[in-house]
């Protein structure tokens, strides 16, 4: 556990390095592939978000994630790992201008999990009850994370050393209390792996029609079984999952690319602007036009 001075020093150095790469609030590239940093200088109320297949390590502040109605609050004492993309509700609990929320996100693939397993992986015989796992931040995880983050200062070493540090981080995560469940996502014959493959396809092809019967056939499941097991891991059905991706992508297109609501709706696969507006309001609390007006008003203050 993080109780000795060495671990405190590691967290302090991580915070210092991430602060250097995050000059303002937002998400910033690190210079290391698959690794990004985030800074937030004020608490953020719960809002729909999307947790990518990643390991999340907070070095300062705290965050609450809600998945399937269950809350997970974590800070520097725990890291979060989810092997598949998950729609969640996220809230930044502790953050201020003097002491901002600082975190790193390391994206990985199922193939990288498989490589990190080694020859004698600890794999559970039972399927996990969720696709998100919170584990204590060990000195080993911190040490490997610190070496990876230091590479943001040494671009000439990234190509050779970053894959080694990433593999080491995943290696230690797989040997955590919940690592045997995480490992099941890397087994091609396992149910979690098949569900992860379907989730990945929906994420890639969210803007087109994806019949549940077609997805079920790809997963070697009946439509009813796919619905049951997909919802058990992600908290929603495949159709709801696709809808969530569409709405969140449309929101990003409106706020960060300046698209009008109707154009954003069309881009993500909606044929009816009115249906898009209704479903958008149901998820985010306001129709797209009113939320855009609210955001513009907030920026002008």
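Here are some notes:
- Residue 119, sole failed condition from (1) over 23 Å from residue 72 (Cβ atoms); (2) in contact with a helix residue (DSSP H, G or I) (Cβ under 8 Å, 6 or more places away or on another chain); (3) at pLDDT below 95: (2)
- Residue match in the range 235-242 (condition: assigned to a loop (DSSP other than H, G, I, E, B) and more than 18 Å from residue 205 (Cβ to Cβ)): yes
- Checking each residue in the range 279-300 for being assigned to a helix (DSSP H, G or I) and under 26 Å from the mean Cα position of the chain (by Cα) picks out 279, 280, 281, 282, 283, 284, 288, 291, 292, 295.
- For the range 243-258, the set of residues classified as surrounded by fewer than 18 Cβ atoms within 10 Å (Cβ to Cβ) and over 25 Å from residue 198 (Cβ atoms) consists of 255, 256, 257, 258, listed by residue number.
- All conditions but one from (1) at pLDDT below 85; (2) surrounded by fewer than 16 Cβ atoms within 10 Å (Cβ to Cβ); (3) touching a strand residue (DSSP E or B) at 6+ places or on another chain (Cβ under 9 Å) apply to residue 130; the one that does not is (2).
- Checking each residue in the range 171-187 for being within 24 Å of residue 229 (Cβ to Cβ) and in a helix (DSSP H, G or I) picks out 173, 174, 179, 180, 181, 182, 183, 184.
- If you go through the range 92-111 and keep only what is assigned to a loop (DSSP other than H, G, I, E, B), at pLDDT below 95 and crowded, with 16+ Cβ neighbours inside 10 Å, you end up with just 108.
- Search result, residues across the range 27-66 that are buried (at least 20 other Cβ atoms within 10 Å of the Cβ) and more than 19 Å from residue 107 (Cα to Cα): 40, 60, 61
- Output for the range 230-242, where each listed residue is buried (at least 21 other Cβ atoms within 10 Å of the Cβ) and either modelled with pLDDT of 95 or more or out of contact with any strand residue (DSSP E or B) (no Cβ under 7 Å at 6 or more places or on another chain) (or both): 230, 233, 238, 241, 242
- Condition check for residue 67: at pLDDT below 90, more than 22 Å from residue 148 (Cα to Cα) and out of contact with any helix residue (DSSP H, G or I) (no Cβ under 7 Å at 6 or more places or on another chain): yes
Yes or no, residue by residue, for (1) in contact with a helix residue (DSSP H, G or I) (Cβ under 6 Å, 6 or more places away or on another chain); (2) not in a helix (DSSP H, G or I):
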position: 130; (1), (2): no, yes
position: 135; (1), (2): no, yes
position: 140; (1), (2): yes, no
position: 163; (1), (2): no, no
position: 189; (1), (2): no, yes
position: 194; (1), (2): yes, no
position: 207; (1), (2): no, yes
position: 215; (1), (2): yes, no
position: 218; (1), (2): no, no
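- Hey, residue 216 assigned by TED's automatic domain parsing to the domain that holds residue 26 and modelled with pLDDT of 95 or more or not: no
- The one condition in (1) without any contact (Cβ under 8 Å) to a residue 60 or more places away in the chain; (2) closer than 24 Å to residue 193 by Cα that residue 72 fails to fulfil: (1)
The values are calculated or read from the model by the stated rules, or taken from the named source; none is laboratory data. No experiment lies behind these values; they were computed from the predicted model shown. Positions of Cβ are backbone-derived with ideal geometry, glycine not excepted, and every protein chain shown enters the neighbour counts.
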